[in-house]
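Here's the structure, in C-alpha coordinates; my notes come after.
The values are calculated or read from the model by the stated rules, or taken from the named source; none is laboratory data. The shown structure was predicted, so the numbers you read here are calculated from the model rather than taken from an experiment. We place every Cβ from the backbone using ideal geometry, glycine too, and count neighbours over all the protein chains shown. Quick note on the areas: whole protein, heavy atoms, side chains included, nothing else; ligands and nucleic acids left out. Shrake-Rupley method; radii C 1.70, N 1.55, O 1.52, S 1.80 Å.
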Amino acid sequence: MTRHIAVLDASLGDTPAERNLRRELEAHDDVEVDVYKLPDGEHPPTVASSAWNYDGVVVSGSQTSVYEDRDWIHDATVWLRNIHAAGIPVLGICWGHQFIAQALGGRVVDMGEYELGYRQVFRVGDDPLFEGVPEAFVSFETHSDRVAELPPGAKVLARNDNGVQAFRVGSAYGLQFHPEYDRQTATWVTEGKDLPDERIQQVLDGITDESVAAAEAATMVFENFLELAGTHQRVVAPATGPRY
(Lines give C-alpha, C1' and ligand atoms only; values in the text may rest on other atoms or scores of the structure.)
Protein backbone atom coordinates (compact mmCIF):
# COMPACT_ATOMS: atom_id res chain seq x y z
CA MET A 1 0.00 0.00 0.00
CA THR A 2 1.31 3.44 -0.93
CA ARG A 3 2.07 5.73 1.98
CA HIS A 4 1.37 9.40 1.37
CA ILE A 5 3.47 11.89 3.33
CA ALA A 6 3.01 15.66 3.51
CA VAL A 7 6.25 17.58 4.03
CA LEU A 8 5.88 21.04 5.54
CA ASP A 9 8.96 22.99 4.44
CA ALA A 10 9.36 25.81 6.97
CA SER A 11 12.66 27.08 5.57
CA LEU A 12 12.94 30.53 4.01
CA GLY A 13 13.89 30.79 0.37
CA ASP A 14 15.86 28.24 -1.63
CA THR A 15 17.35 25.69 0.79
CA PRO A 16 18.23 21.97 0.75
CA ALA A 17 15.32 21.13 3.08
CA GLU A 18 13.01 19.66 0.43
CA ARG A 19 15.81 17.80 -1.34
CA ASN A 20 17.05 16.19 1.87
CA LEU A 21 13.64 15.09 3.07
CA ARG A 22 12.61 13.75 -0.32
CA ARG A 23 15.83 11.73 -0.45
CA GLU A 24 15.14 10.05 2.88
CA LEU A 25 11.40 9.53 2.44
CA GLU A 26 11.30 8.59 -1.24
CA ALA A 27 14.05 6.00 -0.82
CA HIS A 28 11.09 3.64 -0.43
CA ASP A 29 9.19 2.75 -3.61
CA ASP A 30 5.79 2.81 -1.89
CA VAL A 31 6.06 6.37 -0.56
CA GLU A 32 4.68 9.48 -2.26
CA VAL A 33 5.59 12.94 -0.98
CA ASP A 34 3.89 16.30 -1.43
CA VAL A 35 5.75 19.41 -0.26
CA TYR A 36 4.10 22.55 1.10
CA LYS A 37 6.11 25.74 1.65
CA LEU A 38 4.86 27.08 4.99
CA PRO A 39 6.32 30.62 4.71
CA ASP A 40 4.41 31.01 1.44
CA GLY A 41 1.16 30.25 3.27
CA GLU A 42 0.92 26.70 1.96
CA HIS A 43 -0.18 23.72 4.02
CA PRO A 44 -2.22 20.58 3.33
CA PRO A 45 -6.01 20.56 3.60
CA THR A 46 -7.56 19.80 6.96
CA VAL A 47 -8.36 16.26 8.01
CA ALA A 48 -12.04 17.12 7.69
CA SER A 49 -11.60 17.89 4.00
CA SER A 50 -12.34 15.33 1.30
CA ALA A 51 -8.96 16.30 -0.15
CA TRP A 52 -7.07 14.89 2.84
CA ASN A 53 -4.94 11.98 1.65
CA TYR A 54 -1.96 11.66 4.01
CA ASP A 55 -0.71 8.98 6.36
CA GLY A 56 1.86 11.20 8.01
CA VAL A 57 3.38 14.68 8.17
CA VAL A 58 7.03 15.78 8.37
CA VAL A 59 7.93 19.33 9.42
CA SER A 60 11.35 20.69 8.41
CA GLY A 61 13.81 23.07 9.97
CA SER A 62 13.75 26.84 9.44
CA GLN A 63 15.88 29.95 9.85
CA THR A 64 13.13 31.50 12.01
CA SER A 65 12.21 31.00 15.65
CA VAL A 66 8.88 29.35 16.41
CA TYR A 67 7.94 32.14 18.82
CA GLU A 68 8.20 34.89 16.18
CA ASP A 69 5.02 36.77 15.35
CA ARG A 70 4.48 35.59 11.78
CA ASP A 71 1.10 34.90 10.21
CA TRP A 72 2.24 31.67 8.59
CA ILE A 73 3.44 30.30 11.94
CA HIS A 74 0.10 31.13 13.57
CA ASP A 75 -1.82 29.52 10.69
CA ALA A 76 0.35 26.42 10.78
CA THR A 77 -0.15 26.14 14.53
CA VAL A 78 -3.92 25.93 14.17
CA TRP A 79 -3.54 23.38 11.38
CA LEU A 80 -1.12 21.22 13.41
CA ARG A 81 -3.37 21.17 16.46
CA ASN A 82 -6.23 19.75 14.39
CA ILE A 83 -3.93 17.16 12.80
CA HIS A 84 -2.63 16.14 16.22
CA ALA A 85 -6.16 15.86 17.62
CA ALA A 86 -6.96 13.46 14.77
CA GLY A 87 -4.02 11.22 15.68
CA ILE A 88 -2.05 11.71 12.45
CA PRO A 89 1.63 10.72 12.86
CA VAL A 90 3.84 13.83 12.72
CA LEU A 91 7.64 14.10 12.73
CA GLY A 92 9.19 17.50 13.41
CA ILE A 93 12.89 18.16 12.83
CA CYS A 94 14.81 21.01 14.54
CA TRP A 95 12.41 23.95 14.00
CA GLY A 96 9.68 21.34 13.50
CA HIS A 97 10.59 19.77 16.86
CA GLN A 98 10.25 23.13 18.58
CA PHE A 99 7.12 24.00 16.61
CA ILE A 100 5.31 20.84 17.73
CA ALA A 101 6.36 21.41 21.32
CA GLN A 102 5.12 25.01 21.36
CA ALA A 103 1.91 24.32 19.42
CA LEU A 104 0.89 21.58 21.85
CA GLY A 105 1.53 23.48 25.06
CA GLY A 106 5.30 23.43 25.61
CA ARG A 107 7.75 26.32 25.76
CA VAL A 108 10.69 27.20 23.50
CA VAL A 109 13.43 29.63 24.53
CA ASP A 110 16.58 31.22 23.14
CA MET A 111 19.67 29.30 24.31
CA GLY A 112 21.92 32.33 24.00
CA GLU A 113 24.39 30.25 21.96
CA TYR A 114 24.55 27.85 19.02
CA GLU A 115 24.71 24.09 19.15
CA LEU A 116 26.42 23.48 15.84
CA GLY A 117 28.13 20.48 14.29
CA TYR A 118 28.10 16.73 14.70
CA ARG A 119 27.17 15.98 18.29
CA GLN A 120 26.51 12.91 20.35
CA VAL A 121 22.94 12.20 21.44
CA PHE A 122 21.75 9.65 23.99
CA ARG A 123 18.48 7.76 23.79
CA VAL A 124 16.16 7.65 26.80
CA GLY A 125 14.05 4.50 27.06
CA ASP A 126 12.54 2.72 24.08
CA ASP A 127 10.20 3.84 21.35
CA PRO A 128 9.36 2.45 17.89
CA LEU A 129 10.78 5.59 16.25
CA PHE A 130 14.26 4.70 17.50
CA GLU A 131 14.16 0.98 16.70
CA GLY A 132 17.60 0.04 15.39
CA VAL A 133 19.22 3.35 16.42
CA PRO A 134 22.14 2.95 18.88
CA GLU A 135 21.65 4.13 22.45
CA ALA A 136 24.38 6.72 21.79
CA PHE A 137 24.47 8.11 18.27
CA VAL A 138 25.81 11.06 16.29
CA SER A 139 23.82 13.60 14.27
CA PHE A 140 24.25 17.14 12.99
CA GLU A 141 22.92 20.02 15.09
CA THR A 142 22.27 23.62 14.12
CA HIS A 143 20.05 25.62 16.49
CA SER A 144 20.09 28.43 19.02
CA ASP A 145 16.63 27.76 20.50
CA ARG A 146 15.62 24.79 22.63
CA VAL A 147 12.55 23.17 24.11
CA ALA A 148 12.58 24.32 27.73
CA GLU A 149 9.24 22.76 28.67
CA LEU A 150 7.59 19.80 26.97
CA PRO A 151 3.87 19.68 26.14
CA PRO A 152 1.62 18.00 28.72
CA GLY A 153 1.90 14.22 28.49
CA ALA A 154 5.10 14.28 26.41
CA LYS A 155 7.86 11.73 26.94
CA VAL A 156 11.55 12.44 26.45
CA LEU A 157 13.18 10.03 24.00
CA ALA A 158 16.69 11.48 23.70
CA ARG A 159 18.93 14.04 25.40
CA ASN A 160 22.38 15.53 25.38
CA ASP A 161 24.14 18.25 27.37
CA ASN A 162 22.02 20.92 25.65
CA GLY A 163 18.71 19.42 26.74
CA VAL A 164 15.86 17.56 25.06
CA GLN A 165 16.84 16.07 21.70
CA ALA A 166 13.71 14.03 21.02
CA PHE A 167 10.24 13.61 22.47
CA ARG A 168 6.89 12.03 21.77
CA VAL A 169 3.44 13.32 22.59
CA GLY A 170 0.65 11.09 21.32
CA SER A 171 1.40 10.37 17.66
CA ALA A 172 3.68 13.41 17.27
CA TYR A 173 7.48 13.24 17.47
CA GLY A 174 10.09 15.96 17.72
CA LEU A 175 13.79 15.62 16.85
CA GLN A 176 16.12 18.51 17.65
CA PHE A 177 18.92 17.01 15.53
CA HIS A 178 19.02 16.71 11.72
CA PRO A 179 19.07 13.04 10.63
CA GLU A 180 18.40 14.14 7.02
CA TYR A 181 21.56 16.24 6.62
CA ASP A 182 24.22 15.11 4.17
CA ARG A 183 27.79 16.40 4.09
CA GLN A 184 26.97 19.11 1.57
CA THR A 185 24.17 20.51 3.73
CA ALA A 186 26.25 20.41 6.91
CA THR A 187 28.96 22.45 5.18
CA TRP A 188 26.47 24.89 3.60
CA VAL A 189 24.71 25.56 6.89
CA THR A 190 27.94 26.02 8.83
CA GLU A 191 29.44 28.44 6.33
CA GLY A 192 26.27 30.53 6.46
CA LYS A 193 26.36 31.16 10.21
CA ASP A 194 27.18 34.60 11.60
CA LEU A 195 29.74 33.29 14.08
CA PRO A 196 33.45 33.93 14.68
CA ASP A 197 35.69 32.51 11.97
CA GLU A 198 37.46 30.30 14.50
CA ARG A 199 34.17 28.68 15.53
CA ILE A 200 33.11 28.15 11.92
CA GLN A 201 36.43 26.52 11.04
CA GLN A 202 36.23 24.28 14.10
CA VAL A 203 32.84 22.97 12.98
CA LEU A 204 33.98 22.57 9.38
CA ASP A 205 36.99 20.58 10.57
CA GLY A 206 34.55 18.23 12.30
CA ILE A 207 32.70 17.44 9.07
CA THR A 208 34.81 14.40 8.28
CA ASP A 209 34.27 11.08 6.54
CA GLU A 210 34.04 9.47 9.97
CA SER A 211 31.43 11.87 11.37
CA VAL A 212 29.31 11.74 8.22
CA ALA A 213 29.39 7.93 8.29
CA ALA A 214 28.59 7.81 12.00
CA ALA A 215 25.51 10.00 11.46
CA GLU A 216 23.98 7.49 9.05
CA ALA A 217 22.67 5.40 11.96
CA ALA A 218 20.20 8.14 12.90
CA THR A 219 18.55 8.04 9.47
CA MET A 220 16.77 4.89 10.66
CA VAL A 221 14.17 7.18 12.23
CA PHE A 222 12.74 7.87 8.75
CA GLU A 223 12.15 4.21 8.00
CA ASN A 224 10.59 3.76 11.44
CA PHE A 225 8.36 6.80 11.01
CA LEU A 226 7.15 5.53 7.64
CA GLU A 227 6.33 2.21 9.29
CA LEU A 228 4.28 4.04 11.93
CA ALA A 229 2.55 6.11 9.25
CA GLY A 230 1.75 3.00 7.23
CA THR A 231 0.12 1.16 10.11
CA HIS A 232 -2.01 3.92 11.60
CA GLN A 233 -5.72 3.99 10.80
CA ARG A 234 -6.38 6.49 8.01
CA VAL A 235 -8.75 9.25 9.10
CA VAL A 236 -11.89 9.25 6.99
CA ALA A 237 -14.13 11.59 8.99
CA PRO A 238 -13.80 15.06 10.54
CA ALA A 239 -11.53 14.96 13.54
CA THR A 240 -12.72 15.80 17.01
CA GLY A 241 -10.53 16.49 20.00
CA PRO A 242 -9.23 19.12 22.37
CA ARG A 243 -8.41 22.58 21.10
CA TYR A 244 -5.41 24.25 22.62
The stretch 141-155 - phi-based ³J(HN,Hα) in whole Hz, Karplus 6.51/-1.76/1.60, Gly and Pro as x: 10, 7, 7, 10, 10, 8, 7, 8, 9, 7, x, x, x, 6, 10
Solvent-accessible area per residue, Å², over the chain with all protein chains present [probe radius 1.4 Å]: 45 Å²
³J(HN,Hα) computed for each position of the stretch 34-43 - Karplus, 6.51 cos²θ - 1.76 cosθ + 1.60, integer Hz, glycine/proline x: 10, 10, 10, 8, 4, x, 8, x, 8, 7
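Which whole-number percentage describes the relative contact order of the stretch 100-228, with Cα contacts under 8 Å and a sequence gap of 6 or more?
Numbers: 219 pairs, mean separation 38.5, N = 129.
Relative contact order here is 30 percent.
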Under 5 Å, built H, 5+ apart or other chain: amide partners of Ala148: Arg107, Val108, Val109
Distance (nanometres) between label positions extended 7 Å along Cα→Cβ at Ala27 and Asp40: 2.7 nm
Antiparallel DSSP beta bridges within the chain, percent to nearest 5: 55 percent
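Which of the GluC sites (Glu not before Pro) found in the stretch 1-68 are in a DSSP loop and have at most 10 neighbouring Cβ atoms, other than their own, within 10 Å?
Listed in order of number, the matching sites are Glu68.
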Amide H partners (placed H, <5 Å) of Gly92, local residues excluded: Val59, Tyr173, Gly174, Leu175
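Which percent of the accessible heavy-atom area of the chain goes to carbon and sulfur, probe 1.4 angstrom?
Numbers: 5020 of 11000 Å².
For the chain, the apolar C and S fraction of the accessible surface comes to 46 percent.
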Descending semi-axes in whole angstrom, ellipsoid equivalent of the chain, from the Cα gyration tensor: 27, 19, 18
Separation between Cα centres of the stretch 1-64 and the stretch 85-114, rounded to whole Å: 16 Å
GNM result for the chain, Cα springs below 10 Å: residue of Gly125, Gly106, Gly56 fluctuating most strongly: Gly125
Helical mean residue ellipticity (222 nm; -39500 (n - 2.57) per DSSP H run of 4+; nearest 500) of the chain: -8500 deg cm²/dmol
Near-label residues of the stretch 134-165 by backbone N, under 17 Å of a point 7 Å along Cα→Cβ of Trp188: 140-143
Max mean-square fluctuation residue, GNM over the chain, Cα-Cα springs under 10 Å, options Val58, Val121, Val109: Val109
Backbone N under 15 Å from the Asp205 label point (7 Å along Cα→Cβ), restricted to the stretch 155-198: 196-198
Span-rule helices in the chain, defined as complete DSSP H runs reaching 20 Å or more along the axis (Cα) with Kyte mean at least -1.0: 71-85
Added length on full extension, which subtracts the Cα-Cα distance from 0.36 nm per residue, Ala148 to Phe122: 7.6 nm
Top of Leu150, Leu195, Leu226 by mean-square fluctuation, Gaussian network on the chain, Cα under 10 Å: Leu195
